[in-house]
Amino acid sequence: GAVVSQHPSRVICKSGTSVKIECRSLDFQATTMFWYRQFPKQSLMLMATSNEGSKATYEQGVEKDKFLINHASLTLSTLTVTSAHPEDSSFYICSALPGSSYNSPLHFGNGTRLTVT
Amino acid sequence: GQQVMQIPQYQHVQEGEDFTTYCNSSTTLSNIQWYKQRPGGHPVFLIQLVKSGEVKKQKRLTFQFGEAKKNSSLHITATQTTDVGTYFCAGGTALIFGKGTTLSVSS
């Protein structure tokens, strides 16, 4: 149980275009989902906390107009990288929190490798 | 704000040697979770500790939560090549992640 599906797993796009990444909880409802960015051999950098039905909470230094987050249902959150540039190339991972308590384990998607050319 | 520090950042061991990673928080944690990320993969939940002084074991892995609930450790006995990966701790109400400890094992 507790599977999180992230799509696509890999995407290559041209500079200036936008890319949408989906994060779905397949067998549970997730009021809260998290979006991370991970550079090679580095830790998970929390970008934003996505709450169903409300605006996402962005971490300091993360541009909300560049990284658009939509959490329209209890099973789906999307991250859209707008006007992508080569420096946005990275590994993006989502995680979902079953229920509403932070005492529950996080379940991670498989991640999306974004390459901007 | 709340910070979770993790040391060491990297550790290389010979197969069969023991390994320990430490996690320290600037504030008291309600709980601490440990995750493992294999190279090229995503973090996978290992365990959660909630009680002060709690010790839990999973085969060769021993997890400990400090009495003050500000620190935690993960100890691996007799490492194997399958233990390779990055181990993250995460704690607190916002599940703040440490920077992780990357373990490499040579046979």
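Pairs of lysines in chain B whose Cα atoms sit within less than 17 Å of one another amount to 9, provided the residues are eight or more positions apart or on different chains. Build a GNM of chain A with springs between Cα atoms under 10 Å apart, and of A:104, A:73, A:89 the one that fluctuates most is A:104. By the Cβ-Cβ criterion of under 4.7 Å, the unpaired cysteines of chain A are A:13. From the Kirkwood radius over Cα pairs of chain B, Stokes-Einstein at 20 °C and 1.002 mPa s returns a whole-number translational diffusion coefficient of 157 µm²/s. FRET efficiency for the pair residue B:62 and residue B:7, taken as 1/(1 + (r/R0)^6) with r the Cβ-Cβ distance and R0 = 22 Å, rounds to 0.80. With a cut-off of 15 Å between beta carbons, the residues surrounding residue B:106 carry a summed charge of -4, where Lys and Arg count +1 and Asp and Glu -1. Counted by neighbouring Cβ atoms within 10 Å, the residues B:5, A:45, A:33 run from fewest to most as B:5, A:45, A:33.
Within 10 Å of each Cβ in A:103-113, how many Cβ atoms from other chains are there, averaged over the peptide?
Across A:103-113, the average partner-chain Cβ count within 10 Å equals 5.
Can you tell which of B:42, B:75, B:12 shows the greatest fluctuation in a Gaussian network model of chain B with Cα springs below 10 Å? Top of the fluctuation ranking is B:42. All C-alpha pair distances within chain A, sorted into 10 Å bins from zero, spread as 15, 49, 30, 5, 0 percent across the bins.
Per-residue mean of foreign Cβ neighbours for A:42-49 is 4 (Cβ atoms of other chains, 10 Å radius).
Just tell me how shielded A:86-95 is by partners: mean number of partner chain Cβ atoms within 10 Å of each residue's Cβ, no decimals.
1
Among A:4, A:62, the order by Cβ neighbours within 10 angstrom, fewest to most, reads A:62, A:4.
FYI, it's all coordinate maths here, none of it is from the lab. This one's a predicted model, so the numbers in the text were calculated from it and none came from an experiment. No Cβ is skipped: glycine too gets one built from the backbone with ideal geometry, and neighbour counts run over all protein chains shown.
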